[in-house]
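Down below is the structure, laid out as structure tokens.
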Amino acid sequence: MSQEPPDQQPTTEGISFHALGPGGALESEDRADGSRHDRRTRHRSKREARRTRRRARPWWRRAVPTWRMLVGGLLGLLLLGFAAFVTLYLIVPVPDANAHAKAQTNVYYYADGTTELARTGSVNREDVPIDQIPVDTQHAAVSAEDRTFYQNKGVDLKGMARAAWNSATGKGLQGGSTITQQYVKNYYLTQDQTYVRKVKELFIALKVDQQETKDEILAGYLNTSYFGRNAYGIQTAANAYYGVDVSRLTLAQGAYLAALLQAPSAYDVKAPSATAGTPTNRDKAVARWNYVLDGMVSLGFLDAATRASLTFPEPIDPQPTKGLSGQAGYLVDIADDYLASTGVLDAATLKAGGWKITTTFDKSKQDAFVAAVKDELTSELDPGSRPDSDTDVRVSGASIEPGTGKILAVYGGPDYAVQPFNDALRQDNQVGSTFKPIDLAAGIEGERTTRDGRPITTQTVYDGTSRRAVVGGPTAYAPPNEDDINYGPITLRYAMMKSVNSVYAQEGVDAGLAEVRQTAVRLGIPDSVPGMDPANTSMTLGTATPSALNLAAVYAALANHGQAYAPWAVLKLEKPGAEDIPGLPGHPARSALGRGTADAVTDVLQDVVSPNGTGARALGLGRPAAGKTGTTDNNRSAWFAGYTPELATAVGLFRENPRTHAKESLAGTAGFSRINGGAFPTAIWTAYMRSALSGSAVQRFDLEPSRGNTRPTEPPSPAASPTPTPSSSTAPTPSPVPSPSSSPTPSPTPSTTPSESTGTTAPQSPEASGTPSPGAAAGSSP
């Protein structure tokens, strides 16, 4: 029998672990545990090494996150964002319709804050189903507001991103809302401009797009949108702008209503306001209409041939609004226009209702304006006996506090319910010789000289020959004086008192027509007003067409020693229950003229309100006053603008055909062959100012005219009595401007002054026959 060597031990070499039994398996597991421990140790060592290296870096390097941190953070944000989106989608419900269908009224108050002026804001809306809205009108709305409407899911992320980028980069506040979002805002939410509302709008729009058809959404949008003219919804808009049921809208008309959705007030070409209805805004409205139609072509809704055949569909004039009768509607117009033009409230937010608006209007002064028109003009008219001259006579007026710019009273028409056009804001009547103080101010302020080098002052002598050709103007111009009177050499002061056209036509050119325009704009005439083109010499005699409110602002700046305020109409804005009320803008004064210049002009205008001046009727005020009369070509309009230290007022008179809106001559009104600024306008101004200032202390002008512009010891007058130019004579060759040595010696007022000069026997004043159209060579009126 064999026997193992005693020193040899059994070996496992060549034997598998399965053959080792339980003891061998444990040894293998121990080795594996040790290997895992070693790996963890190595990983821990690597992390410690990375931390050590990171701590060894400069602080600014340590502040920069690693790529692992960035990737992890981004993934975390994406997960959080997705979770938040899902959560909000689930928890934000589609609410019931808001209370817009039962919107509150807006309440307007006079300046005392307690006397109610008017109530507006009841929603004028009549819902219609989508099948009553012409398909062309539906497509026009899509083209105007959301060209991806039929493809998007309620929101347009690209559009929202583009709008946000344009707003952030200074390209203006952009809208990125789809039609669905706008419908949600109108029908389910509010007009509040908050992030919470925008977030709700987005999620509700996503849900509504899933719950309602595109036709239902579009119908809801068109029934809740605001189109201007107090019209909510497409049905009332069709009636307000075209007097038809929505089902009868033409393609062109539907496109215009769609164009209005973006900015109803700005695109209403017939809107009677200071900003809308002007040629500039009309161009914008037509451009927007074209944009809508071109979009319909690009979207395949309209063929190019049909598009090319369309012409702009003129809307009807605005119709009376109930509840705004008397003067209330005109005052509300001005307050609303002020809030919109200053960006305080947009039209839709204002029309949604619930606002308490305290205006600057003084009730006693407003009532006084109405009474003055009635007593001084309306009572003198007899349409039954004089149907060709005493009908369609209209008055525009505005009154401003010089030291603040507050609009205290206006006269926009006889009754807003009968005539919804606000005549106080219209900018289509030439102002004639009420523009001459601007000519004088430009010459004095700019230290300009005459053609022969003499400084322009109130005492500078000019040739007052009627039809004297203006020298140095851009266009030929030889205006006649009133009744073709030749005044000879006279001072600018005397020429203002008598409103001598030939003198101020030349003085305006000497002052520089561009400087005259700039002076007018600084004083308060908008630079967009027609008739102020320096390329036309006739600009000097009042071809400009500012509103009564604009003109009152100019004269208020003169009364305030050259410090001008933009007229404003709202003292306080409230909304019960609202947390975020928009703030009202401030009212800083701007320096339009130096005090010396403004006071020199005021000093001269006091001579107009004198026994020998064209504004003699204003002496009935019984306190110091300054002003200027104006009458225009063919007696189309007549004006008086004037002021005391505490109140500036402008009054205009004109006739207009109610159907064609063509201007008609005032000749024959109240039985008088000619109506000048010194007649009814001055009479109305005087009666109003007397009542408005009744009970207040008499204030005198505190004047500090610039050097060379002081009042002479005796009233200036021509050296010889003025003589009428023979009617058969032609415009004379320009005569040399007299030198200072030829200044006339003061003498009594010429005995040949027309009998109508002071308006004592008839409501007239000595003024020229009319202001020409821009570029015309005819005479202007003072």
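The set of residues from region 645-667 being hydroxyl-bearing (Ser, Thr, Tyr) and touching a helix residue (DSSP H, G or I) at 6+ places or on another chain (Cβ under 7 Å) comprises Thr649, Ser665.
Which of the residues belonging to region 505-526 are under 14 Å from Arg448 (Cα atoms), in a helix (DSSP H, G or I) and under 32 Å from the mean Cα position of the chain (by Cα)? The answer is Gly508, Val509, Ala511, Leu513, Ala514, Glu515, Val516, Thr519.
Of the residues making up region 485-502, one or more are surrounded by fewer than 21 Cβ atoms within 10 Å (Cβ to Cβ) and either at pLDDT below 95 or over 22 Å from Asn676 (Cα atoms) (or both).
Within region 559-580, at least one residue is in a helix (DSSP H, G or I), surrounded by 18 or more Cβ atoms within 10 Å (Cβ to Cβ), in contact (Cβ under 8 Å) with a residue 40 or more places away in the chain and at negative phi. Scanning region 469-504 for residues that are assigned to a helix (DSSP H, G or I) and in contact (Cβ under 8 Å) with a residue 60 or more places away in the chain gives Glu482, Asp483, Asp484, Leu492, Arg493, Tyr494, Met496, Met497, Lys498, Asn501, Tyr504. None of Asp192, Asp268, Asp209 is at pLDDT 80 or above, under 30 Å from the mean Cα position of the chain (by Cα) and of a type in the set (Asp, Glu) except Asp268. Conditions: (1) under 14 Å from Leu492 (Cα atoms); (2) acidic (Asp, Glu); (3) part of a loop (DSSP other than H, G, I, E, B). Asp439 meets all but one. Number of the miss? Only one criterion in (1) under 14 Å from Leu492 (Cα atoms); (2) acidic (Asp, Glu); (3) part of a loop (DSSP other than H, G, I, E, B) is unmet by Asp439, namely (3). Do the conditions hold for Ser385, that is, is it under 29 Å from the mean Cα position of the chain (by Cα) and over 30 Å from Gln182 (Cβ atoms)? Spelling it out, it is not the case that Ser385 is under 29 Å from the mean Cα position of the chain (by Cα) and over 30 Å from Gln182 (Cβ atoms).
If you check Ser665 against the conditions, is it small (Gly, Ala, Ser) and closer than 29 Å to Thr404 by Cα? For Ser665, the condition - small (Gly, Ala, Ser) and closer than 29 Å to Thr404 by Cα - is not met. The residues in region 426-455 that are farther than 27 Å from Ser637 by Cβ and surrounded by 24 or more Cβ atoms within 10 Å (Cβ to Cβ) can be counted, and the count is 2. Within region 354-385, the set of residues being more than 15 Å from Ala683 (Cα to Cα) and modelled with pLDDT of 95 or more comprises Ile357, Thr358, Thr359, Thr360, Phe361, Asp362, Lys363, Ser364, Lys365, Gln366, Asp367.
The lone criterion from (1) closer than 28 Å to Leu573 by Cα; (2) at pLDDT 95 or above left unmet by Ser325 is number (2). Taken over region 347-377, the criterion of being buried (at least 17 other Cβ atoms within 10 Å of the Cβ) and either free of Cβ contacts under 8 Å to residues at least 12 places away in the same chain or part of a loop (DSSP other than H, G, I, E, B) (or both) is satisfied by Ala352, Gly353, Gly354, Trp355, Thr360, Phe361, Asp362, Leu377. Taken over region 631-659, the criterion of being in contact with a strand residue (DSSP E or B) (Cβ under 7 Å, 6 or more places away or on another chain) and over 16 Å from Asp423 (Cβ atoms) is satisfied by Thr631, Gly642, Tyr643, Leu647, Ala648. For the residues Gly403, Gly412, the requirement of being touching a helix residue (DSSP H, G or I) at 6+ places or on another chain (Cβ under 6 Å) and at pLDDT 95 or above singles out Gly412. Scanning region 317-346 for residues that are over 12 Å from Ala417 (Cβ atoms), charged (D, E, K, R) and part of a loop (DSSP other than H, G, I, E, B) yields a count of 2.
Tallying residues that are crowded, with 20+ Cβ neighbours inside 10 Å, outside any loop (DSSP other than H, G, I, E, B) and among the hydrophobic types (A, V, I, L, M, F, W, C) within region 133-148 yields 4.
Against the test of being touching an Asp or Glu at 6+ places or on another chain (Cβ under 6 Å), hydroxyl-bearing (Ser, Thr, Tyr) and at negative phi, the options Thr404, Thr457, Thr450 yield a single qualifying residue, Thr450. Applying the criterion of being outside any helix (DSSP H, G or I) and out of contact with any Lys or Arg (no Cβ under 7 Å at 6 or more places or on another chain) to the residues of region 287-311, the residue that is surrounded by the most Cβ atoms within 10 Å (Cβ to Cβ) is Leu302.
Among the residues of region 403-427, those identified as within 22 Å of Leu647 (Cα to Cα) and aliphatic (A, V, I, L, M) are Ile407, Leu408, Ala409, Val410, Ala424, Leu425.
Taken over region 386-402, the criterion of being farther than 17 Å from Glu646 by Cα and of a type in the set (A, V, I, L, M) is satisfied by Val393, Val395.
Checking each residue in region 243-260 for being more than 14 Å from Ile133 (Cβ to Cβ) and either touching a helix residue (DSSP H, G or I) at 6+ places or on another chain (Cβ under 9 Å) or among the β-branched types (Val, Ile, Thr) (or both) picks out Ala252, Tyr256, Ala259, Leu260. From the list Ala553, Ala535, Ala544, the lone residue that is surrounded by 24 or more Cβ atoms within 10 Å (Cβ to Cβ), small (Gly, Ala, Ser), outside any helix (DSSP H, G or I) and at pLDDT 95 or above is Ala544. The number of residues in region 591-650 being assigned to a loop (DSSP other than H, G, I, E, B) and in contact (Cβ under 8 Å) with a residue 40 or more places away in the chain comes to 17.
The values are calculated or read from the model by the stated rules, or taken from the named source; none is laboratory data. None of the values given here were measured: they were computed from a predicted structure. Using ideal geometry, Cβ is built from the backbone for each residue, glycine included, and neighbour counts are taken over all protein chains shown.
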